[in-house]
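Taking it in order: structure first as structure tokens, then the write-up.
The values are calculated or read from the model by the stated rules, or taken from the named source; none is laboratory data. If you're wondering where the values come from, they're calculated on a predicted model, not measured in any experiment. Ideal geometry is used to build each Cβ from the backbone, glycine not excepted, and the neighbour counts take in all protein chains shown.
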Amino acid sequence: MSIISGLMGNAAKTDIDEVKKDYGKLLGEHEEIIQAYQWVRDLMIFTDYRLLLVDVQGATGKKVDYHSIPYKSIRHFAVESAGHFDLDAELKIWVAGLGADPLVYTFSKDADVYKVQALLAECVGR
């Protein structure tokens with residue numbers, strides 16, 4: 001992930017082995033990481049069972065919120081592609097039980113939001 005992209009709040013694909021090393025303790029016995037995207041400190045981790053959102057909070061980063069969303073709870077999702085003058089694309093996810101507002105995540109052009117959407121479609125369709 002480029003430093004500038006991260007500072008702008010855009011996610012980019014990250015190394016799965018690093019994610020496994022750092023967050024493997026959160027996984028179930030047979031759960032595998034499929035793909036991960038990282039912002040400056042936060043992560044979106046696709047596993048074969050769920051979407052795991054890691055929100056590092058505070059200046060020290062000692063407080064971390066782990067949000068687990070089973071794919072069956074995802075009701076709708078949308079992609080807004082980056083335009084000619086936009087530097088980023090957005091993924092919006094509507095989750096049952098979280099109200100009418102979607103979760104919104106910004107991705108850099110490098111992340112290929114269409115691949116992210118295709119991965120989410122594959123996981124939700126299981």
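Structure values in brief
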| read-out | value |
| --- | --- |
| Selection count, segment 23-60, where residues are of a type in the set (Ser, Thr, Tyr), modelled with pLDDT under 90 and in contact with a strand residue (DSSP E or B) (Cβ under 7 Å, 6 or more places away or on another chain) | 1 |
| Candidate set from segment 33-70 (those that are farther than 16 Å from residue 104 by Cα and among the polar types (S, T, N, Q)); member that is surrounded by the most Cβ atoms within 10 Å (Cβ to Cβ) | 47 |
| Whichever residue in segment 6-22 is assigned to a loop (DSSP other than H, G, I, E, B) and at pLDDT 65 or above and, among such residues, is nearest to residue 105 (Cα to Cα) | 14 |
| Boolean, residue 93 is at pLDDT 85 or above, crowded, with 17+ Cβ neighbours inside 10 Å and touching a helix residue (DSSP H, G or I) at 6+ places or on another chain (Cβ under 6 Å) | no |
| First in segment 113-126 and more than 14 Å from residue 76 (Cα to Cα), second anywhere and assigned to a helix (DSSP H, G or I), Cβ under 9 Å, 6 or more apart | 126/71; 126/72 |
